[in-house]
C-alpha cells in the first residue's frame, strides 16, 4: 500500500499530521480496544473482531432456532405470543 506513495513534502507533512490525529482517535474511541500502544491496540481490535464474528454466528443460530420454533407452532395450529397466549 505504501509502495506508490509519492507526495511533495508539504502534502506529506499534512497527511502525516492527519493520520497521526486519526491514530490517536482510533486508539481511544472504543473502550474495549483502547490502548496507547499500537501493537496492543491492534491485538485487542483483532480479538474484538473475532468475538464479534463468533457472536454473529451465534445470532444466526438463534434466528434459525426461532424460525424452527415458529414453524413448529404454526404446524401445531397456533402461534404462541409473549404472555403465553395462543392464537387458534
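The values are calculated or read from the model by the stated rules, or taken from the named source; none is laboratory data. Fair warning: this is a prediction, and the values are worked out from it, not measured in the lab. Cβ atoms come from the backbone with ideal geometry, glycine included; neighbour counts cover every protein chain shown.
Observations
- Given (1) in contact with a helix residue (DSSP H, G or I) (Cβ under 9 Å, 6 or more places away or on another chain); (2) surrounded by 12 or more Cβ atoms within 10 Å (Cβ to Cβ), number of the condition residue 44 does not satisfy: (1)
- The residue pairs whose first member lies in the range 66-88 and is on the phi < 0 side of the Ramachandran plot and modelled with pLDDT of 90 or more, whose second member is loosely packed, with under 10 Cβ neighbours inside 10 Å and not in a loop (DSSP other than H, G, I, E, B), and whose beta carbons are closer than 6 Å, counting only pairs six or more residues apart or on different chains, do not exist in this structure.
- Number of positions in the range 5-31 that are in a loop (DSSP other than H, G, I, E, B) and loosely packed, with under 11 Cβ neighbours inside 10 Å: 4
- Test: residue 34 is surrounded by 10 or more Cβ atoms within 10 Å (Cβ to Cβ) and either assigned to a loop (DSSP other than H, G, I, E, B) or modelled with pLDDT under 95 (or both): yes
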